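Reading through the structure tokens given below for one structure.
The values are calculated or read from the model by the stated rules, or taken from the named source; none is laboratory data. Everything numeric here is computed off the predicted structure, so don't read it as measured data. Neighbour counts run over all protein chains shown; Cβ positions are idealised from the backbone, glycine included. Protein only, heavy atoms only, side chains kept; ligands, DNA and RNA dropped before computing areas. Shrake-Rupley method; radii C 1.70, N 1.55, O 1.52, S 1.80 Å.
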Amino acid sequence: MSLNSSAAQTTATTGTPYRVPLVAFLVANVVSICGTRVSAIAIPWFVLVSTGSPVKMGLVAAAETLPLVISKAFGGPLIDRLGGRLVSVGADICSAVVVGLIPLLHLLGALPFSTLLVLVAIAGALRGPGDAAKGTLIPDIADAANAPLERVTGLESTTERFAGFIAFLLAGGLISLVGAANALWIDAASFAICAVLIAWWVPRRSTAVAAAQADQEDQGTYLQQLRTGWRFLSRDKLLRPLVLMISVTNLLDAASFAVLLPLWVHEHGHGPAQTTLVLTVFSVTATLFALLAASIGERIPRRLAFTLSFLVCGAPRFIVLALDLPLWVILLAFATSGVGAGFINPILGALFIERIPRHMLGRVDSLAGALGWAGIPLGGVLAGATVAGIGLAPALVIAGILYFVATLSPILMGRSENWGGRGSTAPKQELPGPQEKADRQDLVAVPTSSAS
């Protein structure tokens, strides 16, 4: 295909739908997630095989996760200054080199554990802004395809869930076939493929958006811009409780999938096959209904759909586990939970993109993502300690109650806010006006209006 990003940009500005950037973005999303999941399994397995140390496996996992969260939190202004496309491509190219060094140095016999830790930490630090930058491309891709935001975020969520579903099978097959070290060559290649797809087919920033972002750079230093993003996020009456909710529910999800569900399966005389079956059922329904959300998302009331989806997705699966019900009921509950999960990310993605001014999207979305991820490493630890202290069933009940309370927080705290979507009359935030430019040193321009 000979069309490049300049052609995509020209087509986008004429109003004619041009869906190649959307397809390229979705393919890049699948490739990126599959590559990341392969490395998430291959690197710890490589460490176990080469060192025989579970402790070193844990150190490698922490060496990737901590820099990822930190760089995601602090990399936002870089995305706003340079543009999501450039940051995404640059991070993927560097990631391909860094990840490729692991099997190369191993082949040369020059990979001590300390060097491996450094390379894994650099790879994690690159993934933070790289992943966040891809999310900021969605508005331009939606414009080029002349598609509603819910459709693009729904398709992104569908490909993400589908990729997550097949990635573990792919990882296991690759590691068994070629070995953990050689599987990392595939991971490095996936980053290179993503860089080519994004660089060649995804539109560049429009001139107007680029000019506004360049103008923003004159207002202060990198840290001042980071502070501006934090102030915007902390003062938005809907995004603030949403981020708090996501952080809590992500922690509880990590506790469920890593500790609580496997413990329930083990205590009821089942094995890893049943755990995989439960998670597979959840993944399949979540993928299918994310696709449905992509088709009808712009035609349904966001607040109602979001509330019902989280109520279905969250607390019930903890409660059914606590009630000591048979496995077929658990499977049905997790399948129903997947129905709700399919709608959540498309709504969240569209909502964040609409409420955050385009020139601040990188820093605000990165901060929100980092805060949402912050509780994940603690989920398994807290779940294990709680089960050890009070038992599995009470721990499941407490987790279900916390999930329910967290789910209601945006509804209660953001009840007067406009959720956008169908019937919304809220103005779309794009570029700063003259008054906003004059007030930039104290930017608190939170988009609020009466609830729909």
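Note: region 207-336, Cα convex hull, 170 Å³ per residue. As a size descriptor, the averaged projected area of the C-alpha convex hull of region 257-414 was calculated at 10.1 nm².
Rg of the Cα atoms in region 293-349, relative to 2.2 N^0.38 Å, amounts to 1.25. Model label points for Val405 and Leu277, set 7 angstrom from Cα along the Cα-to-Cβ axis, are 3.5 nm apart.
Convex hull volume of the C-alpha atoms in region 73-180, normalised per residue: 129 Å³.
Computed from label points 7 Å out along Cα-Cβ, the spacing between Ile70 and Leu378 is 1.8 nm.
Residue separation of Leu223 and Leu48 scaled by 0.36 nm, minus their Cα-Cα distance, works out to 59.0 nm of gained length.
Taking 7 Å steps out from each Cα toward its Cβ at Leu304 and Val27 produces label points 3.9 nm apart. For region 12-118, the fraction of 1.4 Å probe accessible surface lying on carbon and sulfur atoms is 76 percent. Determine the shape class of region 18-120: with a ≥ b ≥ c the square roots of the Cα gyration tensor eigenvalues, call it rounded for a/c under 1.5, and otherwise prolate if a/b is greater than b/c, oblate otherwise. Prolate. Multiplying the residue separation of Arg19 and Val178 by 0.36 nm and removing their Cα-Cα distance gives an extension gain of 53.6 nm.
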